[in-house]
Each structure stands twice: as C-alpha cells, then as structure tokens.
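First the structure, in the form of structure tokens, and then the observations on it.
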Amino acid sequence: MKILIIKLSAIGDVIHTLPALNSLRNFYPHAHITWIVEEAALPLIRGHNSIDRIILSKRKKWIKKLLNPLARKKTLKEIYNFIKDIRDTRYDIIIDFHQLLKSGILVLLAKGVRKIGFDKGMPHMEESQIFLNEKIPPVSVEIHALKRNLMLLEAIGIPTKNIEYQISTDQNDEDNVMKLIHENKIKDGFVVLNPVAKWDSKLWQNHKWAQLADILIKNYNTCVIFSGSVDDYFLIEEIRGMMQEKAVNFAGKTSLKSLAILYSKAKIIITTDTGPMHLAAAIKTPVIALFGPTAPWRTGPFGLTHKIIRKSMSCSPCFKRICPYGHHNCMKSINVDDIQILLSKSTHQICSS
C-alpha cells in the first residue's frame with residue numbers, strides 16, 4: 001500500500017492534518033506514506049514516525065526566482081526534479097487535504113489509483129475537486145478543520161478513534177531550549193506570550209500585551225517569555241519597552257521544534273490566532289487564544305483545556321487580513337481584565353496570586 005498526502009501549508013493546517021496521518025498509519029501499519037509539504041511547515045513533519053518520505057515544494061521561492069533571469073535555469077531544473085519525484089511512484093491512495101488549485105495540480109501530476117478529496121460545495125476550494133476521481137460529499141465548513149480531515153478518512157472507511165499528533169523533537173532541540181532557559185534564569189512555571197500574527201487584523205494592542213505581562217509577573221510571581229519569529233523581534237522589543245517589569249524576548253531564538261519543547265514546559269500560552277497557537281494545543285499545554293476576525297469553532301486551538309476570548313461583533317468573523325472598516329474593534333474590544341477573569345476561573349492557574 002502506497003499513500004500520498006497533500007497538505008502544503010500553513011503551520012496550523014499541517015498540525016490539524018497530523019491526526020489524520022496517524023489514523024492512516026494505524027489503519028495501514030505497513031503502508032509507505034509520502035507527504036508533499038511546503039518549506040514553512042516542513043519541520044513539523046520531518047522525522048515523524050508515521051511518514052516514510054517527504055517531497056518538498058519550494059513554490060514561493062520558485063516563483064520569485066523565476067523572475068530573475070540569472071536564477072531561472074536552475075529554478076526550472078528544481079521544479080522539473082520536484083515533478084519527477086511526484087511521478088516516480090504509483091500510489092494506491094492520494095488524499096488532497098488542502099483542496100486548493102495549487103494542491104489540485106499536484107493531484108493531477110501524481111500517479112494514483114484513487115484520488116480522494118471533498119466534492120464541490122466547500123468555500124475556497126478553487127474548483128480543485130475536478131482533479132479527483134473519488135469525490136466525498138462536502139461537510140460544513142463550520143466544523144473544526146481537524147475534524148473535517150478525520151471525516152474525510154471516515155468517509156472512505158478509515159476509523160479515526162484517537163486524536164494523536166506526535167510532533168517529533170530531538171535532544172538538540174531540548175538542549176537549545178534548556179540553554180535559553182538557564183541563560184535567562186527562567187524559573188519553573190513560566191508563561192509564554194505569543195503576541196504576533198501574520199494578519200494585521202489579528203493583532204492585539206502592544207500596550208495591552210505589556211500590561212498583561214506586568215500583571216502576570218507582579219500578581220502571579222511568574223516569569224514571562226515572549227515567543228515569535230525573527231521578524232517579530234523588534235515589535236516584541238516595543239512591548240517590553242512599555243513594561244515596568246522584566247520579561248524575556250525569545251523571538252527568532254527557537255526553531256518550530258524547540259518552540260514545541262518550550263511550550264511543553266510552560267504553565268500556559270496566551271496568544272493570537274496563529275501557527276504557534278496550534279503548536280501549543282498539539283502538545284497539550286493550556287492555551288488562552290484571542291480571536292477577532294476568524295472563527296475559533298473552525299480553526300481554534302483543538303481540545304477542552306483551551307480557552308477562547310472573543311467579543312461578539314456584527315462584522316466578525318470577516319476572515320480579512322486587514323480590517324475592512326479600519327477600526328479593528330473585534331480585537332481592540334478585548335481587555336486585559338478579560339484574560340485575568342479567565343485565569344482566575346481556570347483549572348490551570350499559574351500560581352496563587
């Protein structure tokens with residue numbers, strides 16, 4: 001049995017597909033499973049016990065390089081080799097979990113007996129169902145993305161009893177995190193704040209992050225770590241500059257896998273709606289997530305231990321990267337007190353205040 005999974009990005013979407021991967025492995029323990037993925041989410045599946053082969057798409061880099069005459073020849077060769085890798089195996093089952101035009105083209109290129117995905121009727125599919133030869137009746141987009149992936153498998157007779165992620169890490173990841181913790185004299189029971197998101201509409205005000213961090217340090221006697229990518233470093237420095245207390249900025253200092261280890265050691269993660277939110281949920285660290293322009297019932301942190309703060313607005317969820325009205329009220333209406341109230345009621349209290 002040879003199986004091809006297509007789920008290209010983003011971090012949260014790939015994490016939501018891991019339980020389906022493990023269900024496939026449990027049902028076909030001796031199958032050879034290949035996954036096509038893009039670069040940003042590659043670390044999440046590299047070394048995963050349920051995957052035998054990864055085919056890497058560098059789509060975004062290729063598009064940029066094709067515009068450069070000096071890099072075009074080499075880039076075309078890389079694309080040719082990528083297509084060659086896709087077509088070197090005849091798969092028994094190909095599953096398009098992504099179901100956009102870019103994944104549909106890969107389904108078309110791949111050799112397979114059964115090409116499976118949801119039929120027309122779900123938003124944003126970009127007619128990708130035309131590349132399938134086994135079309136599953138669509139389900140409601142209001143169902144959580146993780147569950148929709150499992151429902152796709154169940155529709156073809158693959159049971160999905162347990163939700164398992166199994167994000168793999170190694171000793172180097174552990175050593176890097178422990179070095180950061182020791183160098184910054186971080187004590188146990190720390191809290192991680194993840195304040196940045198790729199969408200401008202998902203951002204919470206910097207001064208509120210600063211106020212929240214000060215309260216956590218003063219009232220809960222805990223250390224606060226800010227996480228983020230290297231691109232988030234200076235924004236987090238702005239937040240720290242507004243604080244009265246001292247917090248630590250780990251932006252750009254952790255890989256995805258070492259971030260998973262950092263989150264696993266934290267008492268709680270407070271975050272915007274972004275990839276690291278899903279990473280924290282996958283390793284079962286309690287999450288408080290701030291939602292505005294998106295729908296937590298569709299793509300929120302999966303699990304009963306996680307909490308959502310969201311204000312009811314007539315314009316939310318709009319699913320827009322930039323607020324169409326320019327006021328950002330769905331995020332601005334969230335107050336630090338909302339988080340404090342949730343912490344006081346939570347069964348995962350940081351410590352006694």
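Counting the residues of segment 16-68 that are aromatic (Phe, Trp, Tyr) and touching a strand residue (DSSP E or B) at 6+ places or on another chain (Cβ under 9 Å) gives 2. Residue 52 fulfils the conditions (1) acidic (Asp, Glu); (2) crowded, with 21+ Cβ neighbours inside 10 Å; (3) touching a His at 6+ places or on another chain (Cβ under 6 Å) except for a single criterion, (2). Of the set (1) at negative phi; (2) without any contact (Cβ under 8 Å) to a residue 60 or more places away in the chain, all apply to residue 303 but (1).
Restricting the first member to segment 16-29 and to residues that are assigned to a helix (DSSP H, G or I), and the second to residues that are among the basic types (Lys, Arg), the beta-carbon pairs closer than 6 Å and six or more apart or on different chains are 17/7. Of all residues in segment 322-334, those being assigned to a loop (DSSP other than H, G, I, E, B) and either in contact with a strand residue (DSSP E or B) (Cβ under 9 Å, 6 or more places away or on another chain) or among the hydrophobic types (A, V, I, L, M, F, W, C) (or both) number 3. Please specify each residue of segment 76-114 satisfying the condition of being β-branched (Val, Ile, Thr) and within 28 Å of the chain's Cα centre (by Cα). If the condition is that a residue be β-branched (Val, Ile, Thr) and within 28 Å of the chain's Cα centre (by Cα), then 79, 83, 86, 93, 94, 95, 105, 107 are the ones that fit.
For the criterion of being of a type outside the set (D, E, K, R) and under 29 Å from residue 300 (Cα atoms), residue 149 passes. Screening residue 136 on (1) hydrophobic (A, V, I, L, M, F, W, C); (2) buried (at least 16 other Cβ atoms within 10 Å of the Cβ); (3) without any contact (Cβ under 8 Å) to a residue 24 or more places away in the chain; (4) within 18 Å of residue 2 (Cα to Cα) shows it passes everything except condition (4).
Read-outs throughout are calculated quantities, based only on the coordinates presented, and are distinct from any laboratory measurement. Because the structure is predicted, anything quoted here is derived from the model rather than measured. In this analysis, Cβ positions are derived from the backbone assuming ideal geometry, glycine residues included, and neighbour counts consider all displayed protein chains.
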